[in-house]
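Trainee: Input: one structure, supplied below.
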Amino acid sequence: MYKTNINELALFGGTPIFNELLHVGRPNIGNREQLLARINDMLDRHWLSNNGPFVQELEQKLAGYLGVKHCIAVCNATVALEIAARALGLQGEVILPSFTFIASAHALQWLGITPVFCDVDPLTHNIDPMKVENLITQHTTGILGVHVWGRACHIEKLSSIAKKHGLRLMFDAAHAFGCTLQGKMIGGFGELEVFSFHATKFFNSFEGGAVTTNNDELAEKLRGMRNFGFAGLDNVIDIGTNGKMSEVSAAMGLTSLESMDQFIETNHNNYLAYSSGLDGISGIQLIKYSEKEKNNYQYIVIEIDEGVTGLSRDLLVKILHAENVRARRYFYPGCHQMEPYRSNFPNAKLTLPETENLTLKVLQLPSGTAVGEEEISYICKLIRFAIVNEAEISARLEA
Ligand code: T4K
């Protein structure tokens, strides 16, 4: 139902446009029969984890798809980041953006490494290489770039800074599966890259992830660390953890891989539908993905310029949520505003003006296979309606 006056908004007691919640991260499910057949095979084999045949098949297929020498499947990207940081020998301080999911910072802090937050480029939302060098101290051992929304970091500049200062360089590619930079698949940059295959990612293995690298020695280390440090029966050669991917997750990963093109096509069509639905609304900008690259289009990200719309991002969220549109505010309020970083670095925000600004104006809208053109059209019309009627809505809220 389209809204014709503000009394019809669910915020003010009207009927929500959608009967069911529309999520940003509703999982894509591939071919159910294939998945169930795989699960049956797995049960018949009585092999459920520990480098089983599905995990090995997934690793091989992913390495081929990404064009990397090694792919190490893991239980989730957070543990993968921890294993990766340890395998690279990171310690002391590591520079990363604050505009990322908390897992990027926590993985470091969990290892006793101090995350040093760098501001982002407001255009790309990625770590600003121009601001990295100022943060390097005698304790810095590495840089952790994050390909936010699947758009690659400025890899060339980060690589040359890392080289110049003798730092290790790794990437959190949790958002960037299936994306390219200058035609080359993300997965082969830096010394290693980490993917997430969490349920909410367009390509999922329920929970899961992978570390990719072209370095043989590093790959061997990562494989060992994923499995308690074992290097053969009864032989532990290093500290390790349990980062193994289970067979049921790998079965889902293999099934997702078979439908991946279709998922990306749906995401792309949704992106185009949002693009035309939001076209011409001043103060609302949909972030752009380069047509020259491969993108997964998994995140529909808008920036709301309150100075132009009059409507704050947070009031828009309230209006959308009331209509059952579960828009998200990733990455509000920024890692530096969450504990323990908020207490550890009370002045961090002074050095992160672009991050602070972005966390207040960025919003993600529902997409994926659970959303289609019709829903998107309603969402865009609702956003337009909220902006046009902002003064009346605000007055009513203040009354
Ligand atoms: N690095 C970066 C840059 C990341 O973005 C992430 C994760 C990581 C590292 C770590 O990766 P993992 O260790 O998770 O592999 C979600 C995801 O849980 C998280 O994986 C993701 N990034 C982050 C951006 O989003 P939450 O706390 O917002 O999740 P949650 O439970 O609120 O779910 C999001 C939406 O999806 C909800 O509206 C409900 C819906 N949903 C969720 C699940 C799990 C479903 O409809 N079905 C489901 O099964 O973090």
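A short reminder: the numbers here are calculations on the coordinates, not readings from a lab. Quick caveat: nothing in here was measured; it's all calculated off a predicted structure. Cβ coordinates were reconstructed from backbone atoms using ideal geometry, including for glycine residues, and neighbour counts include every protein chain displayed.
Trainee: Size of the dipole of the stretch 104-221 about the Cα centre, Lys and Arg at +1 and Asp and Glu at -1 on the beta carbon, nothing else charged, in debye to 20?
Mentor: Charge dipole, the stretch 104-221, about its Cα centre: 160 debye, nearest 20.
Trainee: Taking Cα atoms, how many degrees apart are the long axis of helix 373-388 and the longest axis of the chain, rounded to 10 and kept between 0 and 90?
Mentor: The answer is roughly 60 degrees.
Trainee: Another one. Calculate I(q)/I(0) for the stretch 1-103 by the Debye formula, one identical point scatterer on each C-alpha and no solvent, and give its log10 at q = 0.14, 0.18, 0.20, 0.21 Å⁻¹ to two decimals.
Mentor: Relative scattering, expressed as log10 I(q)/I(0), comes to -0.87, -1.08, -1.22, -1.28.
Trainee: In nanometres, what is the gap between the two model label sites at Glu265 and Lys61, each 7 Å from Cα along Cα-to-Cβ?
Mentor: Going from the Glu265 label point to the Lys61 one covers 1.8 nm.
Trainee: Sticking with this one: After finding the eigenvalues of the alpha carbon gyration tensor for the stretch 291-331, what semi-axes result from the square roots of 5 times each, listed largest first in whole Å?
Mentor: Sorted largest first and rounded, they come to 24, 15, 8 Å.
Trainee: If the viscosity is 0.890 mPa s and the temperature 25 °C, what translational diffusion coefficient in µm²/s does Stokes-Einstein give for the stretch 281-371 when Rh comes from Kirkwood over Cα pairs?
Mentor: 166 µm²/s
Trainee: Also, quick follow-up: Treating the chain as a set of equal point scatterers at the Cα positions, no solvent, please give the Debye-formula log₁₀ I(q)/I(0) at q = 0.07, 0.12 Å⁻¹.
Mentor: Log10 of I(q)/I(0), two decimals: -0.34, -0.97.
Trainee: For all pairs of alpha-carbon atoms in the stretch 269-314, what percent lies in each bin of width 10 Å, listed from the first bin to the last filled one?
Mentor: So the P(r) values, bin by bin, are 25, 50, 22, 3.
Trainee: Okay, moving on. Put +1 on the Cβ of each Lys and Arg and -1 on the Cβ of each Asp and Glu in the stretch 268-399; which of Tyr274, Met338, Gly368 then has its Cα farthest toward the positive end of the dipole?
Mentor: Value: Met338.
Trainee: If the convex hull of the alpha-carbon atoms of the stretch 80-154 is projected onto planes in all directions, what is the mean projected area in square nanometres?
Mentor: 4.7 nm²
Trainee: Provide the packing ranking of 11-17, 255-261, 152-158, i.e. peptides ordered by the mean count of other C-beta atoms within 10 Å per residue, highest first.
Mentor: Ranked by mean Cβ neighbours within 10 Å, highest first: 152-158, 255-261, 11-17.
Trainee: When a/c is below 1.5 the answer is rounded, else prolate if a/b is larger than b/c, else oblate, so apply that to the stretch 123-255 with a ≥ b ≥ c taken from the square roots of the Cα gyration tensor eigenvalues.
Mentor: Oblate, since a/c reaches 1.5 and b/c is not below a/b.
Trainee: Also, quick follow-up: What pairs from Lys184/Lys221; Lys69/Lys184; Lys3/Lys288; Lys131/Lys164 go past 20 Å between their alpha carbons?
Mentor: Pairs exceeding the cut-off: Lys184/Lys221; Lys3/Lys288.
Trainee: Further, regarding this structure: To the nearest 20 debye, what is the magnitude of the charge dipole of the chain about its Cα centre, counting +1 on the Cβ of each Lys and Arg and -1 on the Cβ of each Asp and Glu?
Mentor: The calculation lands at about 340 debye.
Trainee: Can you give the charge dipole size of the stretch 220-378 about its Cα centre, rounded to the nearest 20 debye, using +1 on the beta carbon of Lys and Arg and -1 on the beta carbon of Asp and Glu?
Mentor: 560 debye
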